[in-house]
1. Is it true that A:ILE146 is near the ligand (Cβ under 10 Å from one of its atoms), away from every other protein chain (no Cβ under 14 Å) and open to solvent by less than 60 Å² (accessible area, probe 1.4 Å)?
2. Before we move on, is A:GLY126 more than 16 Å from the ligand (Cβ to nearest atom) and either more than 25 Å from A:GLY37 (Cα to Cα) or touching a helix residue (DSSP H, G or I) at 6+ places or on another chain (Cβ under 7 Å) (or both)?
3. Kindly provide the set of residues from the stretch A:29-80 that are touching a Gly at 6+ places or on another chain (Cβ under 7 Å), open to solvent by 70 Å² or more (accessible area, probe 1.4 Å) and part of a helix (DSSP H, G or I), ordered by number.
4. Just one of (1) away from chain A (no Cβ under 14 Å); (2) within 19 Å of the chain's Cα centre (by Cα) trips up B:SER149, so point out which.
5. Check off (1) modelled with pLDDT under 95; (2) open to solvent by 60 Å² or more (accessible area, probe 1.4 Å); (3) over 19 Å from the mean Cα position of the chain (by Cα) for A:SER205 and give me the number that stays unchecked.
6. Evaluate the following for A:CYS117: is it surrounded by 15 or more Cβ atoms within 10 Å (Cβ to Cβ), closer than 22 Å to A:THR32 by Cα and away from the ligand (no atom under 16 Å from the Cβ)?
7. In the stretch A:188-210, how many are out of contact with any Cys (no Cβ under 8 Å at 6 or more places or on another chain) and within 14 Å of chain B (Cβ to nearest Cβ)?
8. Given the conditions (1) under 19 Å from the mean Cα position of the chain (by Cα); (2) of a type outside the set (A, V, I, L, M, F, W, C); (3) more than 9 Å from the ligand (Cβ to nearest atom), which single one is not true for A:ARG151?
Amino acid sequence: MIVADKKPIEEIIESVKEFKKILILGCNECVTVCEAGGKKEVGILASALRMFFLNQGKDVKIDEQTLERQCDHEYLEEIRDVVDQYEAILSLACGVGVQFTAEKYHSTPILPGVNTCFLGATEQRGLWTERCQACGSCILAFTGGICPVSRCAKRLLNGPCGGSSKGKCEISKDVDCAWQLIIDRLKALGKLDEYEKVQPIKNWSTDRAGGPRRVVREDVAL
Amino acid sequence: MLAEMEPPKGVDISVMMENASRVKGEIDAFVVPEMSNAVMRMSALGGALLLQKNGMDTVMQVCCRDRNRLALQADLLAAGASGVKHIMVVTGEDPGFGDHHQAKAVYDLTLLELLDAIEKMENGHDMSGIDLCGSPQFLVGSTVNAGLSAQALESELSEMNQKIKSGVDFFITPPLFDIASIKPFLSCVDLSKTPIIPTVLLLKSLGMARYMARNVKHVHIPDELVRRIQNAPDKARECVNIAAETVHAIKEHGFSGVCISTIGWEDKVPDILKNIS
Ligand code: SF4
């Protein structure tokens, strides 16, 4: 899923303080799972902002709504009738949701309420870690299902660097060395011969290096 | 008078050195591109140092595409310490245009951030604010697209002003064939205050002239010029004449200088220089 984190409240206040009617728009998908932009967080943020404006002696209308998804035309249509009632929408969706909402509703400022961080998983309650960088050409088949592009600090593709120590990465004792994980897993799978194969130089043009990307699927296009 | 001098794709520098030496006395400095069009070749730093070593001044390009802030600063220190006095900052074309499509572009710094870093270094600090042991001093150039008009020109001019505020001392334009075509730009810029150096590109053939006239936006090649090449018995000669005449016109017009670009035909630079009336 897409993992997002809360924006500092000061930054949010700075971005909305001029508006009198604000809709806080949550999203039921990834940001709900990572507890940054779902219905619950919409409620908490709305209360915090109401309190702030009350303290300032300002009369600001703050409404709450959470859509099934903000990265889908269909669900975004649900706010069409109410959009004009607001001077700004504070979207707690990921960057995709913020932009998709903005593309649909041109005349209303759509502001981001979270920082979109990475593609990751919930390792334990309150801890999300990165698993994928969407490089566009997956190599997990050769690396025991562990991604060195997203999990090795140097994005090494052919074994660890000299800094790997006791299973940890040289950048921090809190970070597992991806290559230690890969080798352990290949060993467990009895596939260490995979490790012997030299991976070719990576084609980064399918990564963000090739400019904004798109997936075109004629087989499913209408 | 500047001339572009592409470093070689390889380690044989004889052609570059020979071409440069032939016009050494007539060219004030050689502009050394940093892998233009994202085609891999010797770095601008390498090319500049080789020319400098042989007593030729250079304008070394510094490009955001291939290096992060560590490498950019490191190379600027190397350049400064080796006598490079003029640099030119460019964003760089996407690797997709070049011959290494699979390369990862860096773009750690934007052009304005790079300018800011250069200013900091000139004032004795690196980007992290740590003191340098001796600071480099550069005359800094950048590009400006003088061929724009209307709204596009407006934003180009505001970007140009931003660059000036960030320390740019001179600007080099894309190829110019017809001064009248950049009138909108000239009416907004005081040439005595802002040093503008148009590029004079040596057309290599009728095909190139036609192609550019049709496909390169914001570069105006008058039909009459295309016809001239078409009707000339010796087309390459005519292209050299055209380049020489354009240099002359630019000098007459009060620009701060001119940059001759021959993209691979650097051996024609002496010919162009000889023909400037
Ligand atoms: S220690 Fe391991 S994870 Fe860290 S950079 Fe080296 S190989 Fe990559």
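The values are calculated or read from the model by the stated rules, or taken from the named source; none is laboratory data. Keep in mind that this is a model prediction, so the values were computed, not measured. FYI the Cβ positions are ideal-geometry reconstructions off the backbone, even for glycines, and counts take in every protein chain you see. Remember, those area values only see protein heavy atoms, side chains included, never the ligands or the DNA or RNA. Shrake-Rupley method; radii C 1.70, N 1.55, O 1.52, S 1.80 Å.
1. No.
2. Working: more than 16 Å from the ligand (Cβ to nearest atom): yes; either more than 25 Å from A:GLY37 (Cα to Cα) or touching a helix residue (DSSP H, G or I) at 6+ places or on another chain (Cβ under 7 Å) (or both): no.
For A:GLY126, the condition - more than 16 Å from the ligand (Cβ to nearest atom) and either more than 25 Å from A:GLY37 (Cα to Cα) or touching a helix residue (DSSP H, G or I) at 6+ places or on another chain (Cβ under 7 Å) (or both) - is not met.
3. The answer is A:LYS39, and nothing else.
4. Tallying (1) away from chain A (no Cβ under 14 Å); (2) within 19 Å of the chain's Cα centre (by Cα), B:SER149 fails exactly one: (2).
5. Of (1) modelled with pLDDT under 95; (2) open to solvent by 60 Å² or more (accessible area, probe 1.4 Å); (3) over 19 Å from the mean Cα position of the chain (by Cα), only one is false for A:SER205: (2).
6. yes
7. Our first condition is that a residue be out of contact with any Cys (no Cβ under 8 Å at 6 or more places or on another chain); within the stretch A:188-210, this holds for A:188-201, A:203, A:205, A:208-210.
Adding the requirement that they be within 14 Å of chain B (Cβ to nearest Cβ) leaves A:199-201, A:203, A:205, A:208-210.
So the answer is 8.
8. (3)
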